[in-house]
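So the structure is just underneath, and the comments pick up after that.
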Amino acid sequence: MSFPNSAISDIIATTIQNRSGVIADNVSNNNALLQRLKRRGNIKTFSGGNVILQELSFAENGNASWYSGYETLPIAAHDVISAAQYDIKQAACPVTISGLEQLQSAGKEQIIDLLESRITVAEATMANLLSAALYSDGTGFAGKEVDGLDSLIPTDPTTGSAGGIDRATWNFWRSKKFKATTDGGGATTDSNIRSYWNRLWAKMVRGADRPDLILVDNEYWNLYVSSLQDIQRLSSNTDADGGFISVKFMDADVVLDGGIGGNMLEKTAYFLNTKYLFFRPHAQRNMVPLSPNTRYSVNQDAQVQIMAWAGNMTASGLQFQGKMFE
């Protein structure tokens, strides 16, 4: 029989609700990519619908032309705007408290202290869950995982689809790739890594559009840093202030997103133009309690409140993203 104290569930829900903004911020600050998207204003909530729509431009306006004097100007209608569609993915982390713990933590303040500790653990767990998903191909947990970088920027950008758009059909939706052993002619070393990166970089520049963030694993980080002279290392104060150590390639920040418990694929570098990447949580499901109602275990003396998130990572310009691998 459950412990009949609905006030405890109210405390759990209220505590999570009051901390939801802090938790969401901590999740974004736990990951170099999310921190950059947050700085760009590209963490954008959505409020409803059965999919997440990310608007994009896929063609130029064919009416643009040179003219002279009174020459008639073309005014034909041109479809140049469309949208990629991304499924809504869901994640949750329950926070529980047993009847015995309620008795042992008699007094509101003691219960709040206990719950704060458990919510802090749940917060870190959700941050790690989402950080791992950001590098995924979207097939984890039977396809319920976020569509991560491995889904949006695959090793073969001419096959499959992203956001409901077929890459085999639409060239503008193909990211760039550089495979060291074939495109470069050999495995990556500290003597050739900058040359390889130069060649990938050149594929991704369009005027002022170019990568601003390069995420690397431990091995590529070591090779790149080893390739630099001390005087050439340019740290980014902004990323360093956010807790991420970075060096520069061109004017992009190179950030190690490996390390202990890192989620980067081995021997991989993502060249990202974050102007065209977005993190889209639902406005009503961004690290909040799933419901304020009391949730009792049917056959246990325990109560539970569920911290929940829903959304996905989206893109509006995959041609500006790239990936290097062996």
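The values are calculated or read from the model by the stated rules, or taken from the named source; none is laboratory data. What you are looking at is a predicted structure, and each value in this text was computed from that prediction instead of being measured. In this analysis, Cβ positions are derived from the backbone assuming ideal geometry, glycine residues included, and neighbour counts consider all displayed protein chains.
Quick notes
- Evaluating residue 233 against the criteria (1) in contact with a strand residue (DSSP E or B) (Cβ under 7 Å, 6 or more places away or on another chain); (2) surrounded by fewer than 17 Cβ atoms within 10 Å (Cβ to Cβ); (3) of a type in the set (D, E, K, R); (4) at pLDDT 85 or above leaves one unmet condition, (4).
- Total residues in segment 185-194, condition under 28 Å from the mean Cα position of the chain (by Cα) and either under 16 Å from residue 248 (Cα atoms) or part of a helix (DSSP H, G or I) (or both): 2
- Long-range neighbours under 9 Å by Cβ, at least six apart or interchain, first residue of a type in the set (S, T, N, Q) within segment 29-47, second buried (at least 21 other Cβ atoms within 10 Å of the Cβ) and in a loop (DSSP other than H, G, I, E, B): 31/134; 31/257
- From the list 182, 96, 120, 125, the lone residue that is assigned to a helix (DSSP H, G or I), touching a strand residue (DSSP E or B) at 6+ places or on another chain (Cβ under 8 Å) and β-branched (Val, Ile, Thr) is 125.
- Taken over segment 92-122, residues that are closer than 30 Å to residue 265 by Cα, modelled with pLDDT of 80 or more and surrounded by 15 or more Cβ atoms within 10 Å (Cβ to Cβ) amount to 2.
- Checked against the criteria, residue 283 does not count as touching a residue at least 60 places away in the same chain (Cβ under 8 Å), closer than 23 Å to residue 124 by Cβ and surrounded by fewer than 23 Cβ atoms within 10 Å (Cβ to Cβ).
Rundown of residues vs (1) surrounded by 13 or more Cβ atoms within 10 Å (Cβ to Cβ); (2) under 21 Å from residue 179 (Cα atoms); (3) at pLDDT below 95, yes/no style:
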| residue | (1), (2), (3) |
| --- | --- |
| 201 | yes, yes, no |
| 211 | yes, yes, no |
| 214 | yes, yes, no |
| 229 | no, no, yes |
| 247 | yes, no, yes |
| 259 | no, no, yes |
| 266 | no, yes, yes |
| 269 | yes, yes, no |
